[in-house]
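Every read-out reported here was derived from the displayed coordinates using simple, explicitly stated rules and does not represent laboratory data. Note that this is a predicted model, so its numbers are computed, not measured. Glycine also receives a Cβ, built like all others from the backbone with ideal geometry; neighbour counts cover every protein chain displayed.
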Amino acid sequence: MTDTTHYLVQVNTTFNVPAPDSFVLEGYGPDSDHPNIPRRRDEYVFRKEDLRDVLAFLSNPDGDGLYISGPTGCGKTSLICQIAARLHWPVQQVTAHGRLELADLTGHHTLVNGNMAFVYGPLALAVKHGHLLVINELDLAEPAELAGLNDILEGAPLVIAQNGGEIILPHPKFRFIATGNSAGSGDQTGLYQGVLQQNLAFLDRFRLLEARYADRAIEEAILERVVPALPELFRQKMVKVANDIRRLFIGGADNGAELSITLSTRTLLRWAKLTLAFKGAPNAVEYALIRALTARAEPEQRDAIHRIAADVFGDHWEA
């Protein structure tokens, strides 16, 4: 495996965004073949504001972690992975849950070739080798367990008691990133089961980024790249349906959410791909929508979503 090396990249050409040529960021060399470097998706389109905040954090975390909150499927993890893919920055990624323990992140002893050996966990590997540690769904984990990460977030060495008190000094390129459907204060919508209110002292160690669904123009551009065979009119109408559903899912300041499921960018792409795959069906658009999303919706909400789609597509709904 080729060793990763520090490497300066130009932001404008690397991320296809307007920026001065002098705006450079340190990543790892393009000849890196580390297995934890995410796969690059050339069709991915960056939102300028989100990209700016993440690059500022990667360039100089200044003792902070980064917490990205936002609704399901809005691209929180994809944003980090696609940035890391272009910087050739290895990522240690784990999804939190209610039984996650600190030992799951640091490592454990196990039998290797007939002998007991200590196997490093994702946190230890990230700290040791300068990787990004991404903990998804952080707000599902028990606050008492996460409190054990306070010291490492502040730049202190990682001490692994299970391995004889081994001390790992943080690599200068180590970064801690978390994602969640809430901002750590608990789920006020009732839509995300298992979300827990997190410890305030732990949250105080993060800078925050509130992600949202991609703008209409960006999603249309993504669809054009991913499913160019789908007529442009259909791509535009699918994006409009997605935004109409999201408004009902998120709700407003005065009204709560009217839908308990949403049409994320991930689901939007699935819907578009399945529409092409089932183009021989009597109503390919509706047939694909059922399989992409509404088969798991309550009957009343399924009917409501299909009415929204039928209204948007008009005469093309049965085409």
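Quick notes on this one:
- Using the Stokes-Einstein relation with a Kirkwood hydrodynamic radius computed over Cα pairs, the translational diffusion coefficient of segment 216-316 at 10 °C and a viscosity of 1.306 mPa s comes to 116 µm²/s.
- Candidate values (1) 21.6; (2) 23.2; (3) 20.5, label of the one derived for Kirkwood radius over Cα pairs in Å: (1)
- Segment 216-316, dipole about Cα centre (Lys/Arg Cβ +1, Asp/Glu Cβ -1), debye to the nearest 20: 460
- Counting every other Cβ atom within 10 Å of each residue's Cβ, GLU101, GLU137 order from fewest to most as GLU101, GLU137.
- Above-threshold pairs, the threshold being 20 Å between Cα atoms, out of LYS76/LYS273; LYS237/LYS273; LYS76/LYS128; LYS76/LYS237: LYS76/LYS273; LYS76/LYS128; LYS76/LYS237
- Percent of beta bridges antiparallel (DSSP, the chain, rounded to nearest 5): 45
- Overall, the ratio between the Cα radius of gyration of segment 120-279 and 2.2 N^0.38 Å, rounded to two decimals, is 1.36.
- Separation of segment 243-319 from segment 34-67 is 30 Å, based on Cα centroids.
- Under 20 Å from LYS48, Cα to Cα: aspartates and glutamates that are on another chain or at least 8 residues apart: ASP21, GLU26, GLU210, ASP215, GLU219, GLU220, GLU224
- Structure remark: mean-square fluctuation, Gaussian network model of the chain, C-alpha springs under 10 Å; the largest value among ALA126, ALA288, ALA201 belongs to ALA201.
- Relative contact order of segment 6-210, defined on C-alpha pairs under 8 angstrom at six or more residues apart (%): 24
- Vicinal HN-Hα couplings computed from phi for segment 229-241 (Karplus, 6.51 cos²θ - 1.76 cosθ + 1.60; Hz; Gly/Pro x): 6, 7, x, 4, 4, 5, 4, 5, 5, 5, 5, 5, 4
- Counting only DSSP beta bridges whose two residues both lie in segment 57-152, roughly 55 percent are antiparallel.
- Working from label points 7 Å from Cα in the Cα-to-Cβ sense, the ASP303 to GLU43 distance is 3.5 nm.
- Axis angle, to the nearest 10 degrees, between helix 48-59 and the longest C-alpha principal axis of the chain: 10 degrees.
- Going by neighbour counts of Cβ atoms within 10 Å, the residues ASP50, ASP62 line up, fewest first, as ASP62, ASP50.
- Inter-label distance, nm, simple model (7 Å from Cα along the C-beta direction), ILE167/ALA221: 4.9
- Sites ASP315 and ALA295 - FRET efficiency at Förster radius 25 Å, r taken between beta-carbons, to 0.05: 0.50
- Dipole of segment 216-316 [Lys/Arg +1, Asp/Glu -1 at C-beta], most positive-end residue of GLY251, HIS316, VAL226: VAL226
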